[in-house]
1. Just to confirm the number: angle between the C-alpha axis of helix 227-240 and the first principal axis of the chain, 0 to 90 degrees, nearest 10?
2. How far, in degrees from 0 to 90, does helix 157-176 lean away from the longest principal axis of the Cα atoms of the chain, to the nearest 10?
3. Cα-based Rg of segment 210-284 per 2.2 N^0.38 Å, rounded to two decimals?
4. By per-residue mean of other Cβ atoms within 10 Å, what is the highest-first order of 128-140, 277-289?
5. Computed from these coordinates, which is Cα extents along the principal axes in Å: [x] 54, 49, 36; [y] 67, 55, 37; [z] 66, 46, 38?
6. Is any residue of segment 283-300 close enough, with backbone N under 14 Å, to a label point placed 7 angstrom from the Cα of Ser142 along the Cα-Cβ axis, and if so, which?
7. Taking only protein heavy atoms into account and a 1.4 Å probe, give the accessible area per residue of the chain in Å².
8. Using the Kirkwood radius over Cα pairs, work out the Stokes-Einstein diffusion coefficient for segment 110-253 at 25 °C and 0.890 mPa s, in µm²/s as a whole number.
Amino acid sequence: MKRILVTGGAGFIGCNLIRQLVRAGHCVLNVDSLTYAGNLSSLNDVASQPNYAFAQVSITDFASVHREIQAFRPHTVFHLAAESHVDRSIDGPRQFVSTNIEGTFNLLQASLEYWRLCSHSDQQQFRFVHVSTDEVYGSLGSTGKFTETSPYDPHSPYSASKAAADHLALAWHSTYGLPVVVTHCSNNYGPYQFPEKLIPVVILKCLRSEPIPVYGNGQNVRDWLYVADHCEALEIVGNLGQPGQTYNIGGNNEMANLDLVHLLCDIVDQQQPRNDGRPSSALITFVTDRPGHDQRYAIDASKIHRELGWSPKQDRSTGMRDTVRWYLQNQSWWQDILTGKYRLGRQGLGASTG
């Protein structure tokens with residue numbers, strides 16, 4: 001059983017990763033500041049488990065981060081805490097610099113100070129897994145895929161802040177020897193995704209019979225990765241990833257945004273037909289494209305398959321259908337977010353390492 005610290009564990013990918021780790025029997029500490037996108041109800045099914053604990057801590061607070069790491073003594077740190085919504089980064093970039101760059105520095109430095117005090121065997125076992133995005137690579141044309149050696153070319157405050165964090169993480173390995181591994185994932189989807197992201201937006205707009213906004217002409221292409229596949233890859237990287245290496249994690253599932261929206265509309269109509277008999281696709285509304293909107297992302301995940309044996313299990317049919325079904329069966333979860341109820345009772349939540 002490992003002691004595993006996860007930052008951003010109340011977020012979308014983080015809560016799915018924690019659920020996987022807790023059920024596998026590991027001792028997990030969830031470090032999260034509970035910003036608007038953090039939702040502890042996403043972990044209700046594991047919250048009472050003896051091998052799970054939560055600490056309400058911001059990674060921008062070095063003293064608190066240092067205290068939690070020293071007290072918990074992790075074998076692995078999965079760093080997922082980040083401001084991640086591109087539109088929000090355009091409107092308010094300062095918070096992205098603070099959390100994604102300064103917060104990553106704090107976590108790296110606190111981990112380094114802890115790691116230096118570990119025994120030799122614990123130092124050899126320790127991994128700091130920095131979870132990043134394919135958006136740091138910029139935009140592709142109609143062909144080609146991002147590899148681990150693709151040059152960085154970020155186009156938004158969000159991707160620029162993640163690129164800076166990547167460089168810090170790898171520098172802490174090359175300069176100080178901290179066993180850092182960096183991952184770049186494509187667009188995630190699945191249960192517990194906050195309803196500001198494209199897939200839950202489309203599903204909920206269908207269910208509420210509201211206009212479905214599509215940027216520009218809808219021809220921007222993304223590679224979609226089911227979140228459970230991503231979490232499985234992260235656990236493998238935490239166990240087997242080589243320090244100083246980068247691993248791209250993709251879903252082998254490229255789709256133009258408009259094609260994705262039509263697919264989701266069709267699945268919603270199949271699982272919960274509209275009362276008026278009209279197709280949900282009639283709700284599609286094209287809106288002005290956002291600034292710096294990258295045309296295409298695509299991940300070459302051959303390295304992680306070749307070296308660590310991972311490949312995605314879900315395809316677009318099974319993954320998207322399971323996701324729509326989850327949102328249909330868990331309406332109280334997303335309704336509490338839309339009403340703001342999920343944020344009640346956060347005050348007074350203190351740090352606890354269990």
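The values are calculated or read from the model by the stated rules, or taken from the named source; none is laboratory data. Model, not experiment: these values are computed from the prediction. Virtual Cβ from ideal backbone geometry, glycine too; neighbours counted across all protein chains shown. Heavy atoms of the whole protein, side chains included, go into the accessibility calculation; ligands, DNA and RNA do not. Shrake-Rupley method; radii C 1.70, N 1.55, O 1.52, S 1.80 Å.
1. 20
2. Roughly 20 degrees between the two axes.
3. Output field value: 1.55.
4. 128-140, 277-289
5. Checking each listed value against the structure points to [z].
6. Of the residues in segment 283-300, 296 have backbone N under 14 Å from the label point off Ser142.
7. In whole numbers, the chain has 41 Å² accessible per residue.
8. Calculated translational D: 143 µm²/s.
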